[in-house]
Amino acid sequence: MPPTVLTARALLLDMDGTLVNSDAVVERCWRRWAVEHGLDPEAALKVVHGRQGYATMAVLLPDRPVEENHADNRVMLAEETADVEGVVPIGGAPAFMAAIAELPHALVTSADTALATARMGAAALPMPAVRVTAEQVGASKPDPEGFLKGAAELGFDAADCVVFEDSEAGIAAARAAGMRVVGVGPRAAALAPDVHVEDLTRVRVEAAADGSIRLHIDAA
């Protein structure tokens, strides 16, 4: 089967589950939080990916005051930032980041700056010069705000961007922004992205003469 080719002017990259495998840390921290609040950890883990922590807490404890969610989120971010055991790059991420180093791209993550810096560093991946982190948005994914800000900072229309995402909330955010989506990893497989890959080893990046980016994708 020939590769799928997507043409873009800019790439918007989620971090956790897309560039960095941080599942071990996420599961440790959120299992502990769920147990402390009398929740089923397995049920909690089904909704944690892709969202900011306070938004996940609002889903799991819908009647709790938002101020308490934000307070817990600050504690959670500190715990996750300090814990990088088991944080590794997604397959193919180092080569992929090297291939796009001189091309328009931005990190759009639900992590704050400290957590993004810790995890990208632990995975030995370069931090993109343009990034939209939790501090820069008023609404968590699945709201499209982060992706729209990323496109604007790079100077491109939404339709000219391709998003790399792994989670339901992230893919929904990209769709709401009017962007095409490459789904990465097992979580994305059932979420109907434009194309799905097991990891980033399946993506070859070509810088075209007209300034566009061609993504040659061996779909999973």
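The values are calculated or read from the model by the stated rules, or taken from the named source; none is laboratory data. None of these values were measured; they are calculated from a predicted model. No Cβ is skipped: glycine too gets one built from the backbone with ideal geometry, and neighbour counts run over all protein chains shown. Calculation scope for accessible area: heavy atoms of the full protein, side chains included, ligands and nucleic acids excluded. Shrake-Rupley method; radii C 1.70, N 1.55, O 1.52, S 1.80 Å.
With a sphere of radius 13 Å drawn around the Cβ of GLY211, what net charge do the other residues whose Cβ falls strictly inside it have (Lys, Arg +1; Asp, Glu -1)?
-2
Considering every pair of different Cα atoms, what Kirkwood radius, in Å, is found for the chain?
17.4
Which order do the peptides 87-93, 22-28, 8-14 take when ranked by the mean count of other beta-carbon atoms within 10 Å per residue, highest first?
Answer by packing, highest mean first, reads 8-14, 87-93, 22-28.
Residue-wise, which Karplus ³J(HN,Hα) couplings in Hz belong to the stretch 7-17, taking 6.51 cos²θ - 1.76 cosθ + 1.60, θ = phi - 60°, and x for glycine or proline?
Ordered by residue, 3J(HN,Hα) equals 10, 9, 9, 7, 10, 10, 10, 5, 9, 5, x Hz.
Determine how many Å³ per residue the convex hull of the Cα atoms of the stretch 17-78 encloses. Mind showing how you got there, number by number?
Details: hull volume 4.9 nm³, N = 62.
In the stretch 17-78, the Cα hull volume divided by residue count equals 80 Å³.
Taking one equal scatterer on every alpha-carbon of the stretch 167-206, how large is log10 of I(q)/I(0) by Debye at q = 0.25, 0.28, 0.30 1/Å?
So the normalised log intensities are -0.80, -0.94, -1.01.
Provide the solvent-accessible area of LEU61, counting protein heavy atoms only and rolling a 1.4 Å probe, rounded to the nearest 10 Å².
Its accessible surface works out to 40 Å², give or take rounding.
Report, by chain and number, residues whose modeled amide H sits under 5 Å from the one on ASN21, excluding near sequence neighbours (fewer than 5 apart, same chain).
Hits under the 5 Å cutoff: VAL88, ILE90.
Looking at ALA219, PRO142, LEU200, which one has the Cα that reaches farthest to the positive end of the dipole of the stretch 133-220 (charges on Cβ: Lys, Arg +1; Asp, Glu -1)?
Checked the options; the winner is ALA219.
Quick one: which residues, 5+ away or cross-chain, put their amide H under 5 Å from the amide H of VAL181? H built at 1.01 Å from N.
VAL163, ASP194, VAL195
Roll a 1.4 angstrom probe over the protein heavy atoms and tell me the percent of accessible area of the chain that is carbon or sulfur.
Details: 5190 of 9520 Å².
Exposed carbon and sulfur together represent 55 percent of the surface.
Note down the magnitude of the dipole of the chain about its Cα centre, charges +1 on Lys and Arg C-beta and -1 on Asp and Glu C-beta and zero elsewhere, to the nearest 20 debye.
The calculation lands at about 360 debye.
Determine the gain in length on full extension of the stretch ARG28-ALA101; use 0.36 nm per residue of separation and subtract their C-alpha separation, reporting nm with one decimal.
23.0 nm
Rounded to the nearest 0.05, what FRET efficiency is calculated for GLU85 and GLN136 with R0 set to 35 Å and r the Cβ-Cβ distance?
0.80
Is the shape of the stretch 136-176 best called rounded, prolate or oblate, per the rule: a/c under 1.5 gives rounded, else a/b larger than b/c gives prolate, else oblate, with a ≥ b ≥ c the square roots of the Cα gyration tensor eigenvalues?
Judged from the Cα gyration tensor, the stretch 136-176 comes out oblate (a/c at least 1.5, b/c at or above a/b).
Taking amide H positions as placed 1.01 Å from N in the peptide plane, with prolines and chain starts having none, which residues 5 or more places from ARG131, or on another chain, fall under 5 Å of its amide H?
Amide H neighbours of ARG131, under 5 Å, 5+ apart: LEU107.
Could you do me a favour and compute the accessible area per residue for the chain, 1.4 Å probe, result in Å²?
Details: 9520 Å² over 220 residues.
I get 43 Å² per residue for the chain.
Sort 168-180, 66-78, 136-148, 94-106 by the packing proxy (mean of other Cβ within 10 Å over each peptide's residues), most packed first.
By packing density, highest mean first, the sequence is 168-180, 136-148, 94-106, 66-78.
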